[in-house]
1. Could you list, ordered by first residue, the pairs with Cβ atoms under 7 Å in which the first is in the range 272-291 and in the same structural domain as Phe238 (by the TED database) and the second is of a type in the set (Lys, Arg), at least 6 apart or interchain?
2. When the range 421-432 is examined, which residues are found to be more than 18 Å from Glu356 (Cα to Cα) and touching a residue at least 60 places away in the same chain (Cβ under 8 Å)?
3. Of all residues in the range 382-420, count the ones that are touching a residue at least 24 places away in the same chain (Cβ under 8 Å), under 30 Å from Phe470 (Cβ atoms) and not small (Gly, Ala, Ser).
4. Kindly list, by first and then second residue, each pair from a residue in the range 245-262 that is at pLDDT 75 or above to a residue that is in a loop (DSSP other than H, G, I, E, B), limited to pairs with Cβ atoms under 7 Å and residues at least 6 apart or on different chains.
5. Does Gly419 satisfy the condition of being among the small types (Gly, Ala, Ser) and closer than 25 Å to Val360 by Cα?
6. Among the residues of the range 11-47 satisfying the criterion of being under 38 Å from the mean Cα position of the chain (by Cα), within 19 Å of Asp125 (Cβ to Cβ) and at pLDDT 90 or above, which is surrounded by the most Cβ atoms within 10 Å (Cβ to Cβ)?
7. Identify, from the list Ile400, Ile444, the residue that is modelled with pLDDT under 90, touching a helix residue (DSSP H, G or I) at 6+ places or on another chain (Cβ under 8 Å), in a helix (DSSP H, G or I) and not aromatic (Phe, Trp, Tyr).
8. Please identify the pairs in which a residue from the range 5-20 that is in the same structural domain as Leu57 (by the TED database) and in a helix (DSSP H, G or I) has its Cβ atom under 8 Å from the Cβ atom of a residue that is surrounded by 15 or more Cβ atoms within 10 Å (Cβ to Cβ) and not aliphatic (A, V, I, L, M), counting only partners at least 6 apart or on another chain.
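The values are calculated or read from the model by the stated rules, or taken from the named source; none is laboratory data. Everything quoted here is computed from the prediction, not taken from an experiment. We place every Cβ from the backbone using ideal geometry, glycine too, and count neighbours over all the protein chains shown.
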Amino acid sequence: MNESGRKLLIVDDEPTIADGLQMLFREREELGLEVKAAYSSKEALGVFAEFGPDVVLLDIQIPGVTGLELAGRMRALHPAVKIIFLTGYDYFEYAYKAIKQDATDYILKTEGDDKVIAAVAAALDRIAYEQGLQNQYTEAQARLATLLPVFRDHLLAALLNESSPDAGAMFRAMAELDESLTPAQPVLVLLGRSCTDQLPLPVRGLVQLTVEQILRAQLHPSPWQIFSASHREDILWFLAGRDSGPGLPAVPVPLLEDIQTILAERAGCKFSFVLAREQVNWMEIGRVYRSLQRTLALFDLCSQEGIAMEGERYPESSLAEEEECADILRLLPRVELLKTHLQNGNLKSFRSLLDELCRVLSGVRGGYTLHAIELYLTAGKALLGHLNETRLYSALPGDIDLALLYTPTRMQGWPERAGYLEKLGRALCEAADAERRFNAEATICRIKDYIGQHLASDLSLNALGRATGFNPSYLSRIFKRDVGIGLHDYITRRRMELARSLLTHTKMKIYEVAQKCGYDNTNYFIRIFKLTVGLTPQEYRNRHA
């Protein structure tokens, strides 16, 4: 049923029950469990930390620390542990709290051995399933270098763009090389997009292969193939069937939710998915792609994690206008980066993105379109937000009317509106660059002075931010940029300098030196000192005092 080597911890203050359950599971050799028991909250925490169980059978009413509190502490040590609560009372309040604790199951002691065994077996099955997803993620990492052939990528890009007149010829050529591809075969399209900034290329490739691997593994065995492609800011997966054969498989929403969890935990990115409502042939995937993009924008899945099904198609009469907005839809998820680039001092990226935005807005020919207005106002919000945070109003030329940021109808046509954004963006770049040069040196001096006077105090980024009035991430960034060393390393260096001086010139005890240098944990101070200096504090004192 499950792989061997799993561990079960039974916690109950009634030894008869705990020992009985321990014997019960030791007799069930097919479960492959190593079993231990604990009879109090205190003992349970010690055994849990040393034993590292995969599943815990926990009396919810154990004396001392309650079962619910004990479960919370166990999850803090081992978040993946499966906890099954046991109780002698059928209290709704306990059941509700157990559910809030994300318990795997909730069992009455009166329900019998079979119920307990079934609950543990189900927990082991869930562990095996989650481990399978983790293994598939690991396999995807190993396959990172084996991306789809370049020719297939070019073919899919041409089909998605609907811009290549020879896409049909390209497809026929591809079909000759790969007999699994035929123009008439049914295809189901899944669109995915990161909810955060544009992903680095290695992470993007890893996400693409991970989802492909999981879909292939979870929908196996099947006569269908799975292809994937990275296109613009999106990643698409194609479930391709045969010209004649069974219908394509359904992609269950819980599977997509599990994939989102894996990507968040392992790749550190939040992802949204939109699934096509029906199968099409390869030559129609460009039309489906546009529809999936509209659904993504409709449900605001560009900025928040979610899963949606392709919405109703737009009327044919509006398709021409929607095609005009393809570039706008592509830019919308990235516009907030204007503010981020300004905050980070990344003026080159800011200018590049703003130039692209202004070019797209200048080319709008559909009049007062909602998509174009959304793009303009989103850009205006980003620029105005930066102005409000930096208070650089006085640095702007007097002929720039900030009210135009939220009243675009006062201007005649999209070229004028794009020109206004371009002018404001250029002025913001000049002001930001001047402000950075003026403030950087004074800020660094202020940070160094504060650190030197507060070596015994909290010098975390947040504490430095509160003390100096600067954004913590900004402090870290400019300090590293202008000083050439990270803030944490600089603080450690200054503290070690103070420690060496105190060890050499005073008779303070080691723990007093540690506290004077900002370390409440003496053992940690000793470890850092030895890593930095090469000697323990006592060895250093013996040599230099």
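1. What qualifies is Ser272/Arg193; Ser291/Arg313.
2. Result: Ala432, single match.
3. Qualifying residue count, the range 382-420: 11.
4. Pairs that qualify, where the first residue is at pLDDT 75 or above and the partner is in a loop (DSSP other than H, G, I, E, B), are Gln260/Glu305.
5. The answer is yes for Gly419.
6. Val35
7. None of the other options fit; the residue is Ile444.
8. Correct list of pairs: Pro15/Tyr39; Ile17/Asp59; Ile17/Lys109; Ala18/Asp12; Ala18/Tyr39.
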